[in-house]
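Some notes on the structure that comes next.
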Amino acid sequence: MDRKIYLDHAATTPVDPRVAEAMMPFFTECFGNPSSQHSFGRDAKETVESVRGQIALLINADPDEIVFTSGGTESDNFAIKGSAFANMNRGRHIITTAIEHHAVLDPCSFLERFGFETTYIPVNSNGIIDPADIENAITDRTILVSVMHANNEMGSIQPISEISSITKKRGIPFHTDAVQTFGHIPVDVKQLGVDMLSISGHKIYGPKGIGVIYIKKGTKITPFMHGGGQERGLRSSTLNVPGIAGLGKAAEIAASLIDTEPGRQIALRDYFIKILAENPGDLKLNGHPVQRLPNNINISFNNTDGEYLMAGMDIAGIACSTGSACSSGGSGPSHVLHAMGLSDRMVGCSIRLTIGRSTTSKEIDTAAEIIAALVKKARAMTPNF
Ligand code: PLP
């Protein structure tokens, strides 16, 4: 094979060369601290504020509802711990789902040490939650609901606006982790009806180490980092100006592609699934067949060790991830696939293939051929895996 094939875009994306170019001046000539009162500072601040306005426009928010963070993990931690601290006198009950990223699950279990309780809403076999379960779980002590927009492992998209009509009625803050959706499918905070929303730069061909939390005006939240008072005192620390410039460019490019790229990826995704179903066949698509991210394929190949498959693909120059290892950044077998009712064996048989902007149908043909050969070999070696 002349070129490696990258099919792990849910883990991270390459920085678009236009993004790298947009970042460069902020390391050297425009290096000022945006908090400084002189022209160096003002120049940096101008860029920060223009990106703030741009992100706000893209998600239908106001600029002063945008706070820059170090990425999706920080935004999730901020939403959960910040809401918990701000509302602990009102109650100590959080509702989330069994399929969240660890950046949501772990802050919840951390808070349990301080007397908070978490209800983990289950999902159906397609990985979708029932909004009625949220409604039934709400108590007088509930101070936050957090449900991810789309799942990073199996791509299912959740009924966020249906959930927000419930949380609004009950006056409960609602957070969504939109790390896998922002820049990939339309994200509008007013349509979704959320109070807080997490975004990450490196999932949209931007740099690592930059993210955003949208915090709707009037939402009670305790500052996440204390110090110099940046970001209106909500998130101290000198702003990552190169990262913010890169995020701005990445978001601008993503917005210019939002009408065309999802459709292209859906066509490639469905073609990939179809040819794998023909050869090697005997597989199960995990996640909702249609209500799923355009780029996500999560498949269990019967009688095939996913780890073996991933290692074989890696040797052949193809990158993917498995449900048995750390596709979500956590450790151990996928809690997401388990929550959907997959047996340990089927979780062990799963791999995640996530396509990207540069993925071609030729790459998919090549990858499918290699996967089919590896699966057949695995099945012949260990027919009862
Ligand atoms: N939330 C989801 C759904 C993710 O997929 C990820 C990254 O894998 C994160 C949060 C964490 O984002 P970051 O890597 O920017 O901290």
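When you check Ser324 against the structure, is it crowded, with 21+ Cβ neighbours inside 10 Å, modelled with pLDDT under 95 and assigned to a loop (DSSP other than H, G, I, E, B), yes or no?
It is false that Ser324 is crowded, with 21+ Cβ neighbours inside 10 Å, modelled with pLDDT under 95 and assigned to a loop (DSSP other than H, G, I, E, B).
What is the residue count in the stretch 1-39 for residues that are part of a loop (DSSP other than H, G, I, E, B) and more than 24 Å from the chain's Cα centre (by Cα)?
16
Out of the residues in the stretch 111-152 meeting the condition of being under 21 Å from the mean Cα position of the chain (by Cα) and over 20 Å from Met196 (Cα atoms), tell me which one is nearest to the ligand (Cβ to nearest atom).
So, considering only residues that are under 21 Å from the mean Cα position of the chain (by Cα) and over 20 Å from Met196 (Cα atoms), the one nearest to the ligand (Cβ to nearest atom) is Gly127.
If you take the residues in the stretch 40-82 that are within 15 Å of the ligand (Cβ to nearest atom) and outside any helix (DSSP H, G or I), which one is surrounded by the fewest Cβ atoms within 10 Å (Cβ to Cβ)?
Out of the qualifying residues, it is Ser70.
Among the residues that make up the stretch 83-95, is at least one of them hydroxyl-bearing (Ser, Thr, Tyr) and within 16 Å of the ligand (Cβ to nearest atom)?
No: zero hits.
Considering Ile266, Ile297, which residue is in the same structural domain as Ala372 (by TED's automatic domain parsing), part of a helix (DSSP H, G or I) and either modelled with pLDDT of 95 or more or more than 16 Å from the ligand (Cβ to nearest atom) (or both)?
Unique residue meeting the criteria: Ile266.
Condition first: among the small types (Gly, Ala, Ser) and either on the phi > 0 side of the Ramachandran plot or assigned to a loop (DSSP other than H, G, I, E, B) (or both). Now tell me which residues in the stretch 358-377 satisfy that.
Ser358
Filter the stretch 188-198 for residues that are part of a loop (DSSP other than H, G, I, E, B) and surrounded by 24 or more Cβ atoms within 10 Å (Cβ to Cβ); which is nearest to the ligand (Cβ to nearest atom)?
Out of the qualifying residues, it is Val194.
What number goes with the only condition from (1) touching a residue at least 40 places away in the same chain (Cβ under 8 Å); (2) within 30 Å of Gly246 (Cα to Cα); (3) away from the ligand (no atom under 11 Å from the Cβ) that Pro107 does not pass?
(1)
Is it true that Gly155 is on the phi > 0 side of the Ramachandran plot, in contact with a helix residue (DSSP H, G or I) (Cβ under 8 Å, 6 or more places away or on another chain) and buried (at least 23 other Cβ atoms within 10 Å of the Cβ)?
No; evaluated as a whole, the condition is false for this residue.
Identify all residues within the stretch 202-220 that are away from the ligand (no atom under 16 Å from the Cβ) and aliphatic (A, V, I, L, M); write none if there are none.
Once the filter is applied, which keeps residues that are away from the ligand (no atom under 16 Å from the Cβ) and aliphatic (A, V, I, L, M), the stretch 202-220 yields only Ile215.
How many residues are in a strand (DSSP E or B) and in contact with a helix residue (DSSP H, G or I) (Cβ under 7 Å, 6 or more places away or on another chain) when one looks only at the stretch 83-102?
Selection size over the stretch 83-102: 3.
Of the residues that make up the stretch 141-156, is at least one in the same structural domain as Phe85 (by TED's automatic domain parsing) and free of Cβ contacts under 8 Å to residues at least 12 places away in the same chain?
no
The values are calculated or read from the model by the stated rules, or taken from the named source; none is laboratory data. In this text the structure is predicted, and so the values were computed from the model without any measurement. Quick reminder, even Gly has a Cβ in these numbers, built from the backbone with ideal geometry, and neighbours come from all protein chains shown.
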